[in-house]
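Below is one structure, written out as structure tokens; the observations come after it.
Rule-based calculations on the coordinates, nothing more; no lab input. As the structure is a computational prediction, the values presented were derived from the model and not from experiment. Cβ placement follows ideal geometry from the backbone for every residue including glycine, while neighbour counts extend to all protein chains displayed.
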Amino acid sequence: MCVQGGAIAFALYGLKDDWVFYGFVALNVFSTCYSYYWDLYMDWGLLRSNEPGKKYLRPKMLYPAWFYYYAAFSNLLMRCMWIVPLFNHKYSVWFTESQANIILLSVVEAFRRAQWALIRIENENVNNFERYRNVLQIPEFKEMVE
């Protein structure tokens, strides 16, 4: 919703006015922080343990602790890559106007999503064994007839 609000302001006013630019940045910062927290807590199951050696992680993990710390840090950096194209609106930087920018942002986002999926699936696997959510048979779809 924040990004959509920023996109509407961008479409109506562009980023030439300072109030629109700073509002756009504020909405994206809020959206990034919320999405980052959602990734860590809800999707990856982190921030749930205070045990020594597992601070801010979770009690049961399949990867070494350093991998989760690396993933959390790199996820934040990759989520903040939306800042790079903003330099084109305030400053004339050669990199933001080139096709290399689009390629870099696409590769970074693909890596972020692959990393997210790896830890998300691992978290689901760990929780599935703990909560016994195995479904042996999926019910058949029956069309409702009135």
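Sequence-ordered 3J(HN,Hα) estimates for region 28-36 from the Karplus curve with 6.51, -1.76 and 1.60 and θ = phi - 60° stand at 5, 5, 4, 4, 5, 5, 5, 5, 5 Hz, glycine and proline given as x.
Net charge within 15 Å of Phe111 by Cβ-Cβ distance, Lys/Arg positive one each and Asp/Glu negative one each, not counting Phe111 itself?
Details: positive: Arg79, Arg112, Arg113, Arg120; negative: Asp39, Glu109.
That works out to +2.
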